[in-house]
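Coordinate-derived values only; no laboratory data. These figures come from a predicted structure and were not determined experimentally. Every residue, glycine as well, gets a Cβ built from its backbone with ideal geometry; the counts of neighbours run over all protein chains shown.
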């Protein structure tokens, strides 16, 4: 794109600007289309899980239902409550949507990569952290007790679950040795198209995936972690005082966050766009986009599935789960990741002379030993933490009920 | 191009800082401060330090300011009461210190010393792995002291909650 523009017009910065504007437009359009598809999948999927049909009147299989809804929300009246803080109330959906869309800058759609920066993983964490500022703004500016409570819950939850989420990504960054999203995906490439090279198929990667996925569900406010907008208690949480287009923007941001979570999980743990034939020059790119979307939408279906099956957690249970279950597991996983790296890659130089007996770095014997050692550590840690929570957790609940 | 970008960002950062001090609503102040942190993060990016910029956003704009906002909203103390200045000696001291800072900055600007030669190119200095290597070799002691400091604060927070819990039982 850039080279072509420079060839025709020869203006450097204009070329950069135009190419990035094109990429941004593509992301926004694709994002909105995917969001429409996601709402449809969610409603139809939930419908079948609950033994009803779901929206099936507008278009084939109800596929055009999201378009009808979009027209409805656009034509609705835009209301700001009298006692609301006008500017903060207006800016909150903007901040939330902007932080969500910003994450897509580094998410690769198969082989198509918008931007590759050397701190890509950290960038995703950083922009999703800004999301919480937007939630607080929405909750506070509405000048409504339900909205404020929803905002508070959203922030308490987002900050708590951010920690296991980031720590589980640390293991993957350690494995790869780089924070670039492209490097993370490259690390899962196998010259023989072997899917066992995906991160999820190692003991370290599997535990990391479990922690990351659960923490991400909470970050994206998906059921069973949707306390910030718990309909039965808080009307709609921090979104209560939003109507019309602003509500549509919040809704869009919500589904884009969910899609970003699925896309990042697919990229970091399931090999992104890797699959049979994804390295063929032009056809491979199309194939890789297909694989990427298939993996991401598959993960989204798992989200819907969880929503249909698991009831909502109480707020204190939710906090205990983050701090007493996920966080220790993520820390143990960092430990076993370092063991994995030490056993497989290190030699006498780094003080792992013992490992030399098993063969050269990267040999089958070393990988086998690393597999067994880390698998034992992770499984033992999982059951130990679960057991400790089961025996001690119940008594502390009754002794000190926390109120948030 | 870079200079223009720098000037816009710098003006935005300073404007946000001034607005933060001048606004009467504590929540607005905190939000201006978030904008200020973003400006600083962009300045880090201009200095080829992407890692530092991302950490700035995650830690300051994302975590610390959110906790500030959380506490302000929880206590409902957005509108600070107009009270008499409890620290009257603070104003002259602040003026003198501010003036000193301006003088120092001016001195550094107009009489630049010889820059310290570095072996890395500017692109490499801010890279995460080089930063990590420096942090765990040359600057190990300050790093460890900082972590001990944070640990002490953490233990302090735990101790504070423990005491109130025992008080409830008695």
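Give the value in nm², to one decimal: projected area of the alpha carbon convex hull of the protein assembly as shown, averaged over all directions. Intermediate values should be presented prior to the final figure.
Values: hull surface 137.3 nm².
Over every viewing direction, the Cα hull of the protein assembly as shown projects on average to 34.3 nm².
Where the centre of each part is set by its Cα atoms, how far does the range B:17-36 sit from the range A:248-300, in angstrom?
39
Would you mind telling me which residue in A:147, A:218, A:68 has the biggest mean-square fluctuation in a Gaussian network model of chain A, where springs connect alpha carbons within a distance under 10 angstrom?
The residue with the greatest mean-square fluctuation here is A:68.
Cα atoms only: what Rg and Dmax, in Å, come out for the range A:160-250?
When restricted to the Cα atoms of the range A:160-250, Rg and Dmax are 18.0, 54 Å.
Quick check on packing: order A:199-206, A:38-45, A:373-380 by the mean number of other C-beta atoms within 10 Å, highest mean leading.
In descending order of packing, they fall as A:199-206, A:38-45, A:373-380.
Kindly provide the helix-only [θ] at 222 nm of chain A, computed as the sum of -39,500 (n - 2.57) over DSSP H runs of four or more divided by all residues, to the nearest 500 deg cm²/dmol?
When only DSSP H runs of four or more count, the value is -23000 deg cm²/dmol.
Report the relative contact order of chain A, percent, no decimals, based on alpha-carbon pairs under 8 angstrom and at least 6 residues apart.
Values: 569 pairs, mean separation 75.8, N = 404.
Reported relative contact order: 19 percent.
If you wrap a convex hull around the C-alpha atoms of the range A:103-239 and split its volume per residue, what is the figure in Å³?
Enclosed volume per residue, from the Cα hull, is 112 Å³.
Quick one: what Rg and Dmax do you get for the range A:78-315 from the alpha carbons, in Å?
18.6, 64
Starting from the Cα-Cα distance between residue A:68 and residue A:302, subtract it from 0.36 nm times their residue separation and give me the gain in nm to one decimal.
81.6 nm
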